[in-house]
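Report on the structure given below.
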């Protein structure tokens, strides 16, 4: 099956002339039509998307770093001439007039954007059940979630309906679905990849990253997308290293910290066993394992759901039924237009977060909630700074459990919020993190999370590659 190849393996065959970029595009289109039909990883692939991809394939220069490689794109990332709905009714039918910077850079490297992947509406969720259209399903067990919000991207990569995909990570939305589906998911440092063209949910937390079948593929896609962008004021103006150069250097001499706050009661025993085994194998490969503390971890979920909802309520104010997107029919006045357009267009979880965000920003509660949350966020960031003064990396589970059954927490959203307890802090601190498959629990994938300081992706990827070798 052609689509089971890694990006690196696909490049080799393209450059050898064994297959053509057109073959690769048609293989993805066929996989979307057959394997993905019951999994819902893609928002339905259209004839026009396939025709445009084939046009690009026929022009592809396979000597370029990603020449002729089709890549699936999360539906929150703008691709010129293609729909961008954020899996929401309020943007149903919207077509982006421009490319996100990440897409423009992938094109410059020769990649072919193909397919819009399903997601939690406006990236708000941890199970992909908040999609306005249909849930994505986990290829390992279709009755279970693939995670979220980048669940569709995880599904298509894990099911071999794509060679690789882009996701976005605001509180774990790349790493958690990667863990649940047994793929590699990289959250780069905040500002390492431009957010220009990523539909905003929580601007100080989110970023674009690759979801792939190998660490080398993640490094390759990061290489193509990383770098300063004058169109994004939060983009870091820092040199871009060669992320593939030291990938095989191993972990000998690296210190890896185990935060006691991340190894708590309530972790699934099978998850704990898989993580412990992975850490032991990294130690056997030469890493020094050190116990550390991140003392403000217990406040991370509360801080996140104040900061993220506050930013969401501000960012989503632009969806008002006037400039683009869903517009209520026959409004009686302007207020009726605003209220009905938003009530009809937004789903329940998005409404919940807008209401929460508006509340914490209101005049009577701004200091009590938002300002206090920002102060605690500083303490969380300081915890990581202090930890990285003595260790090179931090290792932990990605989530306390494996993928849960669809519908398990439909009446209790707090349970899904708590599932992000081990991933949220990295976004609050702006550091980089990755999920690497490290085993199974009751037949379901388990991911090992590695975290590193801002812009330390070379060290992160080097250790992730060592973990990939140690946990085949």
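Rule-based calculations on the coordinates, nothing more; no lab input. This structure is a prediction, so every number in the text was calculated from the model and none was measured. All Cβ positions, glycine included, derive from the backbone under ideal geometry; neighbour counts span all protein chains shown.
Packing, as the average of other Cβ atoms within 10 Å across residues, places the peptides 312-320, 157-165, 388-396 in the order 157-165, 388-396, 312-320, highest first. Computed from label points 7 Å out along Cα-Cβ, the spacing between residue 47 and residue 283 is 6.1 nm. Most simply put, the chain has about 70% antiparallel DSSP beta bridges, counting only bridges with both residues inside it. By other beta-carbon atoms within 10 Å, ranking 206, 344 with the fewest at the front produces 344, 206.
Distance between the pseudo-spin-label points of residue 348 and residue 1 (7 Å out from Cα toward the beta carbon): 3.4 nm. For the pair residue 355 and residue 405 in one chain, pulling the backbone fully straight at 0.36 nm per residue adds 15.2 nm over the alpha carbon distance. Answer rounded, prolate or oblate for region 59-154, using the Cα gyration tensor with square roots of eigenvalues a ≥ b ≥ c: rounded when a/c is under 1.5, else prolate when a/b is larger than b/c, else oblate. In terms of gyration-tensor shape, oblate.
Each of 367, 120, 82, 232 was scored by other Cβ atoms within 10 Å of its Cβ. Arranged with the fewest first, they read 367, 232, 82, 120. Region 263-296 and region 142-207 have Cα centres separated by 23 Å. Hey, quick one: spin label on residue 469, modelled 7 Å out along Cα-Cβ, who in region 196-230 has an amide N within reach, i.e. under 18 Å? Residues passing the 18 Å test: 214-220. In terms of other Cβ atoms within 10 Å, 69, 79 run from fewest to most in the order 79, 69. Counting 0.36 nm for each residue step from residue 143 to residue 322 and taking away their Cα separation leaves a gain of 60.5 nm.
From the alpha carbon centroid of region 1-78 to that of region 308-348 is 36 Å. Assuming a ≥ b ≥ c are the square roots of the Cα gyration tensor eigenvalues, decide whether region 332-422 counts as rounded (a/c under 1.5), prolate (otherwise, with a/b larger than b/c) or oblate. Since a/c reaches 1.5 but b/c is at least a/b, the shape of region 332-422 is classed as oblate. Does region 2-225 come out rounded, prolate or oblate by the C-alpha gyration tensor, with a ≥ b ≥ c the root eigenvalues, rounded set by a/c under 1.5 and, if not, prolate when a/b is larger than b/c and oblate if not? Because its axes are fairly even, with a/c under 1.5, region 2-225 counts as rounded. Here the simple spin-label model places points 7 Å from the Cα toward Cβ, and for residue 134 and residue 23 these points are separated by 3.1 nm. If the segment from residue 389 to residue 442 were pulled out straight at 0.36 nm per residue, it would be longer than the present Cα-Cα gap by 15.3 nm.
Placing R0 at 41 angstrom, the Cβ-Cβ distance between residue 339 and residue 265 gives a FRET efficiency of 0.35 after rounding to 0.05. From helices alone, the chain scores -11000 deg cm²/dmol at 222 nm; the rule is -39500 (n - 2.57) for each run of n ≥ 4 DSSP H residues, then divide by the residue total.
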